[in-house]
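K.L.:
What follows is a single structure, and I will ask about it in a moment.
What follows is calculated from the coordinates using simple rules that are stated; it is not laboratory data. Computed from a prediction, not measured in an experiment: that's the story for all the values here. Positions of Cβ are backbone-derived with ideal geometry, glycine not excepted, and every protein chain shown enters the neighbour counts.
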Amino acid sequence: MNSKDLKGTVLLVFFAGITALFYNQFSPFGIALFGQWETSKGVVFSISKTDSVDASIEINDPEIIKRIVQKKERIVLDVRPREIYNQGHLPFAVSFPLMEFDETIEQLLSSINRKSAILVYCSSIECTDSHTFAMRLKNLKYDNVKVFSGGFRQWEEKGYEIQKNE
Amino acid sequence: MKYRKTNKNTVILLFFIKLLLGITFIYASYHKIADPDGFAKIIYGYDIFPGFSINILAITIPFLELTAGFSLIFGLFPRSALLIINGLLLGFILVIGFNLLRGHQFDCGCFSFKTQDPTVSNISLLIRDLFLLISGVYLFRKTTAS
């Protein structure tokens, strides 16, 4: 290795870095320079131009979620794929998979009042499907929607009751 | 791109190694550039890097792969490109090896963001990266500085 190799390496790294930052800035799929990767603050995500995460509607405390579920304070929606839901879900949770949103929208509109308090969850704190679903509900004028940021994984890790459909 | 004194068969072999490494890195960068959000989640899933570095890595690594790949194929600072490629490969090997050793499940995200059986595929990709690194070091040693 000689100085020319090192100079060339610095040049290529510099070129790649500048190109990357420039592209990211103008790409519709670009992400922020710093994401939200602290689980203590809720759902982790890169803060991209396309995501729908709204931290203000998250509930991060599983104890609060447990109370909500036990006292049926909110209608609980599980937005994971139906086969995953059938393997285990929060008690009284209703399956409305995000990927079937368009097919199940009529059923959702007819069965859940727009003034209802709703709680949405997906698989884990790394999953943003619950936020995507919550955003779509808000677009349908459902104003009282919250997201359980820890998702099913945190519920399971806490050892809380799980219902299965087999 | 010039090689040290060697025979014709070795020159052909070196040419194919150059193509293999260059095309592999260009191909590997494509889906990461198209979906930096997905790649950031993959980096987070490795559970090694501090939060502040994840997005920076997700933004820059794909372009480093792309630049090094093209630079190697077109013979622009080929030894420098090889230094970057070999450095990245060494980094991948350390990260994958560390996670395999501690039994941490992760998705490599090398050529796509979904793997069927993480453990089996990650062992095979560790072997693949080792093979690529050995090839890269060999090509670097055979390539002249001029």
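K.L.:
Which of A:Leu21, A:Leu140, A:Leu77 ends up with the largest GNM mean-square fluctuation for chain A, with Cα atoms connected below 10 Å?
P.N.:
A:Leu21
K.L.:
If R₀ is 41 angstrom, what is the calculated FRET efficiency for the pair A:Lys49 and B:Asp47, using the beta carbon separation as r and rounding to 0.05?
P.N.:
Numbers: r = 26 Å, r/R0 = 0.63.
The computed FRET efficiency comes out at 0.95.
K.L.:
Moving to a separate point now. Rounded to the nearest 500, what is chain B's calculated 222 nm mean residue ellipticity when only DSSP H runs of at least 4 contribute -39500 (n - 2.57) each, over all residues? Intermediate results must be reported in sequence, preceding the final value.
P.N.:
Details: 5 runs with 109 residues, N = 146.
Per the formula, -26000 deg cm²/dmol.
K.L.:
Please give the average number of partner chain Cβ atoms lying within 10 Å of the Cβ of each residue in B:41-54, rounded to a whole number.
P.N.:
Numbers: counts 8, 0, 3, 6, 1, 0, 0, 0, 1, 1, 8, 4, 2, 7.
The per-residue average across the peptide is 3.
K.L.:
Continuing with the same structure: For chain A, modelled as a Gaussian network with Cα springs under 10 Å, which listed residue fluctuates most, A:Asp102, A:Asp51, A:Asp143?
P.N.:
A:Asp102
K.L.:
As a footprinting exposure proxy, order A:Lys72, B:Lys8, A:Lys138 by other Cβ within 10 Å, with the fewest listed first.
P.N.:
Values: A:Lys72 11, B:Lys8 7, A:Lys138 15.
Fewest-to-most ranking of A:Lys72, B:Lys8, A:Lys138: B:Lys8, A:Lys72, A:Lys138.
K.L.:
Near B:Lys142, which lysines are there with a Cα under 18 Å away, not counting those fewer than 8 places off in the same chain?
P.N.:
Within the straight-line cut-off, B:Lys142 pairs with A:Lys4, B:Lys2, B:Lys5, B:Lys8, B:Lys18.
K.L.:
Please report A:Ile105, A:Ile59, B:Ile96, A:Ile31 as a ranked list, fewest other C-beta atoms within 10 angstrom at the top and most at the bottom. Walk me through the intermediate numbers first.
P.N.:
Values: A:Ile105 13, A:Ile59 17, B:Ile96 20, A:Ile31 26.
Exposure proxy ranking, most exposed first: A:Ile105, A:Ile59, B:Ile96, A:Ile31.
K.L.:
Measure up A:Lys7/A:Lys49; A:Lys115/B:Lys41; A:Lys72/A:Lys138 against 26 Å on the Cα-Cα distance and list the ones that go over. Intermediate values should be presented prior to the final figure.
P.N.:
Working: A:Lys7/A:Lys49 35 Å; A:Lys115/B:Lys41 35 Å; A:Lys72/A:Lys138 21 Å.
Going by Cα-Cα distance, A:Lys7/A:Lys49; A:Lys115/B:Lys41 fall outside the 26 Å limit.
K.L.:
Continuing with the same structure: Under the rule a/c < 1.5 gives rounded, and otherwise a/b versus b/c splits prolate from oblate, where does region A:49-157 land using the Cα gyration tensor?
P.N.:
Here region A:49-157 falls in the rounded category.
K.L.:
Out of all DSSP beta bridges in the protein assembly as shown, what portion is antiparallel? Express it as a percent rounded to 5.
P.N.:
On the way: 4 of 15 bridges.
Counting DSSP beta bridges with both partners in the protein assembly as shown, the antiparallel share is about 25 percent.
K.L.:
Can you give the calculated 222 nm mean residue ellipticity of chain A, where each DSSP H run of n ≥ 4 adds -39,500 (n - 2.57) and the sum is split over every residue, rounded to the nearest 500 deg cm²/dmol?
P.N.:
Values: 6 runs with 68 residues, N = 166.
Value at 222 nm, helices only, nearest 500: -12500 deg cm²/dmol.
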